[in-house]
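What follows is a set of notes on a single structure, which appears directly below.
The values are calculated or read from the model by the stated rules, or taken from the named source; none is laboratory data. From a predicted model like this one, the values you see are computed outputs, not experimental measurements. Positions of Cβ are generated from backbone atoms using ideal geometry, with glycine treated the same way; all protein chains shown enter the neighbour counts. Note: accessible area is taken over every heavy atom of the protein model, side chains too, but ligands, DNA and RNA are not part of it. Shrake-Rupley method; radii C 1.70, N 1.55, O 1.52, S 1.80 Å.
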Amino acid sequence: MNRKGRIITFFLIVLALGGLIGATTNSAANNINLGLDLQGGFELLYEIEPINEGQDVNDRMLDAVVQSLYKRIDILGVNEPQIDIEGSNRIRVQLAGVHNQEEARDLLSTTARLEFRGVDDKLYFDGSELVEGSARQDFDPTSNTPVVSLQVKRTFENSEYENFEDVTREVYERRHDEELYEIYGESNLLVIWLDYEEGDSYIEERLKPEPKFISAPGIRDGPIPGTNVVITGDFTVQEAKQLADLLNSGSLPANLEEVYSISVGAQFGEQALNETVIAGIIGVALIFIYMIVIYRFPGVIATITLSIYIYLVLVVFGALNGVLTLPGIAALVLGVGMAVDANILTYERLKEELKSGKTLMSAFKAGNKRSFVTILDANITTLIAAIVLFYFGTSSVKGFATMLIISILLSFITAVYGSRLLLSLWVKSKALNKKPRWFGVNPKEIKDISKGETVEPHFFGKQFDFVRHRKKFFVISIAIVIIGVGFLTIRGLNLGIDFVSGSRVQVVSDGGLTQEEMIQEFESLGLEPEQVVLAGDQNEHSMVRFDSVLNQEQVALVNNHFEQLYGYQPSVSTVSPKVGQEIARNALYAVLFAAIGIGIYIAFRFEHIYALTAIISLMFGAFNILALFSIFQFEFDITIIAAILTVVGYAINDIIVTFDRIRENLQLEKRVKTFDHLAEVVNRSLMQTLGRSFNTVVTVIFAALMLFLLGAQAITYFSLALIVGLIAGAYASLFIASQLWLVWRGKTIEKNPIENRQKKKTGGPQV
């Protein structure tokens with residue numbers, strides 16, 4: 001293929017991909033299921049308890065509960081509900097897009113047992129004797145009034161009575177019981193109960209405006225033979241339909257105890273979605289602009305492949321029926337920053353090879369070859385952190401981890417193969433030969449290989465001796481740790497309800513409120529907040545925390561009050577003490593196992609000294625997040641753990657790039673006999689990778705900063721943790737990891753000079 005053919009091929013590929021993306025992006029985005037934090041709804045975590053004493057919770061019981069819950073949810077008309085069994089005795093229910101949350105929660109929580117009893121509360125049979133799905137709202141043919149028709153089983157299986165006729169015969173005959181008539185007025189009633197508990201009484205409940213039983217039809221015309229039953233009464237059409245729905249919901253084979261819940265108003269979710277999407281678009285646009293300014297034509301290639309990457313993430317995430325949450329959007333935006341990392345690695349190496357005096361073709365091949373293994377190592381270590389996060393995370397964090405995993409895999413494909421394919425068409429066309437400025441290289445910087453000139457690494461025209469000042473960096477790092485430990489010891493962390501249990505309410509108001517005024521609003525509902533934090537330009541966001549777990553009635557009261565007051569239902573989260581302890585334990589496991597997994601991989605790819613110094617550096621980056629949240633007492637919840645693991649996975653990229661370059665330079669040196677010689681190699685390696693480290697951190701911080709400034713209030717602290725962690729991680733990769741490795745390895749250098757064993761271990765030079 002000649003020059004013109006390759007260039008034409010490039011534009012045809014770009015136009016074809018652009019047309020495909022433009023034509024199908026909307027449909028791909030519409031296929032993605034939005035989480036409840038983006039469209040409203042609620043999530044409940046139930047703990048299953050057997051109805052009968054001595055009965056065990058087994059897989060069969062859990063499956064039966066799930067099927068019963070699905071039947072109830074079908075009544076609500078919820079699209080794609082998600083019900084998952086967790087552990088040995090828990091079920092998580094997620095219902096996104098539910099408009100009447102109070103009705104939905106009532107339906108799920110008050111239909112634990114459907115029972116038919118007499119006026120004296122004698123049990124005749126339960127909901128298991130009804131024909132599944134047979135109840136429906138109908139009309140009486142004579143009076144045309146609403147009624148409920150249903151079918152019962154021909155022979156009862158879980159009752160002392162053989163069939164429905166035997167039950168109605170006994171109830172009918174009770175009309176002659178003068179004692180019962182004197183007490184209840186009408187004794188031949190069949191009372192339909194929901195969630196009957198010992199101590200409940202028909203005679204007491206009938207006097208309440210909203211009794212616990214749902215209906216009390218009378219048996220007035222004698223025993224009812226057969227299986228067809230009609231319940232009449234002074235029903236409206238809506239009341240008859242609701243009764244039919246409740247009867248169809250059946251009986252759960254176990255008790256459900258609510259131990260965790262999140263409730264988000266529809267308007268609240270819509271606002272969060274709009275804010276975060278806008279923040280993400282601006283963050284991605286800044287990354288694109290930065291890449292073009294720094295890398296010129298390769299930067300243009302990067303923006304094309306990054307656009308393809310974003311499109312593929314949406315398509316794959318939708319195909320997997322993933323549920324997109326606020327942290328998930330953050331993962332997508334951060335994924336762009338991570339995807340650009342592979343491009344930066346390649347382009348920085350390409351620039352370095354051009355400066356050394358190589359031809360464009362030689363520089364392109366060398367840059368691709370020497371950056372591939374580094375990119376692979378960096379992606380695998382980040383993937384380890386993401387997988388651990390998915391395994392130990394809660395539902396919203398799992399959404400974040402899922403998006404992160406997809407982003408890592410697709411970014412590797414698009415950045416490594418997509419970018420190289422498009423750039424190779426131009427390189428092989430020779431149209432860019434002798435045009436170094438197109439690659440961000442000043443012709444004055446290009447050395448003459450024939451004269452033996454070598455490239456001296458610099459950063460913005462200057463060289464730095466990081467190694468010479470290593471003791472200062474160690475002192476600064478130790479001082480930061482001491483200060484952080486002091487605050488953590490004295491003040492501790494302001495642990496969110498995820499870890500210590502309680503309730504959190506996020507209110508969107510008209511703004512202009514003070515903390516005292518918001519406290520008064522809750523006190524008017526009989527609730528006393530433990531903490532109120534205001535945010536936003538006009539204090540329009542209020543984060544209200546309670547040490548107690550708000551019950552279902554209190555949640556409904558809060559939702560109704562603030563919806564009437566501001567037009568928005570707030571977001572309400574509750575966590576029981578048992579679940580809080582588990583979340584805290586899983587968070588600790590997640591950080592621990594991620595660190596161990598990354599350490600093992602680095603030890604396998606390099607050696608144990610590299611692994612240990614890398615782990616110390618990673619822990620320093622994570623520690624800075626803990627210290628910041630302790631100093632300013634920001635609320636520390638489960639999303640911050642997600643941020644820490646993301647930072648750990650991303651910071652290891654910087655460390656691996658530096659270690660790879662140290663290893664490569666050691667191979668070129670053949671033999672290192674003195675500490676000064678080793679220090680010179682380490683410093684040169686740091687200078688050679690400094691530009692890449694700076695550019696990758698800047699691009700990701702662009703994304704995180706936009707999420708912090710413009711994103712939804714719910715991910716503000718999450719974004720802040722990312723920004724601080726990324727900066728601390730970059731500091732650690734430059735001033736801790738490599739410096740510690742130098743000191744550690746330097747102690748044994750006289751006894752055991754560093755030779756080609758690095759080469760023997762790895763099988764060849766790396767970046």
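Table for the structure above
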{"quantity": "Matching residues in region 668-678 - criterion: being open to solvent by 10 Å² or more (accessible area, probe 1.4 Å) and part of a helix (DSSP H, G or I)", "calculated": "668, 669, 675, 676, 677"}
{"quantity": "Index of the failed condition, residue 653 passing every other in (1) open to solvent by 20 Å² or more (accessible area, probe 1.4 Å); (2) at pLDDT below 80", "calculated": "(1)"}
{"quantity": "Check on residue 455, within 30 Å of residue 694 (Cβ to Cβ) and touching a Lys or Arg at 6+ places or on another chain (Cβ under 6 Å)", "calculated": "yes"}
{"quantity": "Any pair with Cβ under 8 angstrom, 6 or more apart, that starts in region 680-708 at a residue that is in a helix (DSSP H, G or I) and ends at one that is small (Gly, Ala, Ser) and open to solvent by 10 Å² or more (accessible area, probe 1.4 Å)", "calculated": "693/730; 694/730; 697/730"}
{"quantity": "Hits in region 541-564 (condition: of a type in the set (S, T, N, Q) and not in a strand (DSSP E or B))", "calculated": "548, 551, 552, 554, 559, 560, 564"}
{"quantity": "Helices (runs of 4 or more DSSP H) enclosed by region 164-256 - at least 1 residues per element that are in contact with a Pro (Cβ under 9 Å, 6 or more places away or on another chain) and open to solvent by less than 20 Å² (accessible area, probe 1.4 Å)", "calculated": "164-173, 202-205, 237-248"}
{"quantity": "Test set (1) polar (S, T, N, Q); (2) farther than 16 Å from residue 382 by Cα; (3) open to solvent by 10 Å² or more (accessible area, probe 1.4 Å) - residue 419 fails condition number", "calculated": "(3)"}
{"quantity": "Residue ranges of helices (runs of 4 or more DSSP H) in region 397-507 with at least 3 members among the acidic types (Asp, Glu)", "calculated": "none"}
{"quantity": "Neighbours by Cβ (under 6 Å, 6+ apart or cross-chain): first from region 357-386, closer than 24 Å to residue 297 by Cα and in contact (Cβ under 8 Å) with a residue 60 or more places away in the chain; second open to solvent by less than 40 Å² (accessible area, probe 1.4 Å) and hydroxyl-bearing (Ser, Thr, Tyr)", "calculated": "371/346"}
{"quantity": "Within region 709-725, tally of residues that are assigned to a helix (DSSP H, G or I) and either open to solvent by less than 10 Å² (accessible area, probe 1.4 Å) or within 16 Å of residue 506 (Cβ to Cβ) (or both)", "calculated": "10"}
{"quantity": "Complete set of residues in region 125-139 that are surrounded by fewer than 14 Cβ atoms within 10 Å (Cβ to Cβ) and at pLDDT 85 or above", "calculated": "139"}
{"quantity": "Which listed residue is open to solvent by 30 Å² or more (accessible area, probe 1.4 Å), in a helix (DSSP H, G or I), more than 24 Å from residue 328 (Cβ to Cβ) and modelled with pLDDT of 75 or more, from 56, 106, 74, 63", "calculated": "63"}
{"quantity": "Criterion: assigned to a helix (DSSP H, G or I), farther than 26 Å from residue 621 by Cβ, open to solvent by 30 Å² or more (accessible area, probe 1.4 Å) and not small (Gly, Ala, Ser) - qualifying residue of 520, 538", "calculated": "520"}
{"quantity": "Subset tally (residues that are open to solvent by 20 Å² or more (accessible area, probe 1.4 Å), among the polar types (S, T, N, Q) and over 20 Å from the mean Cα position of the chain (by Cα)) for region 594-647", "calculated": "2"}
{"quantity": "Residue 307 touching a helix residue (DSSP H, G or I) at 6+ places or on another chain (Cβ under 9 Å), within 29 Å of residue 334 (Cα to Cα), part of a strand (DSSP E or B) and not acidic (Asp, Glu)", "calculated": "no"}
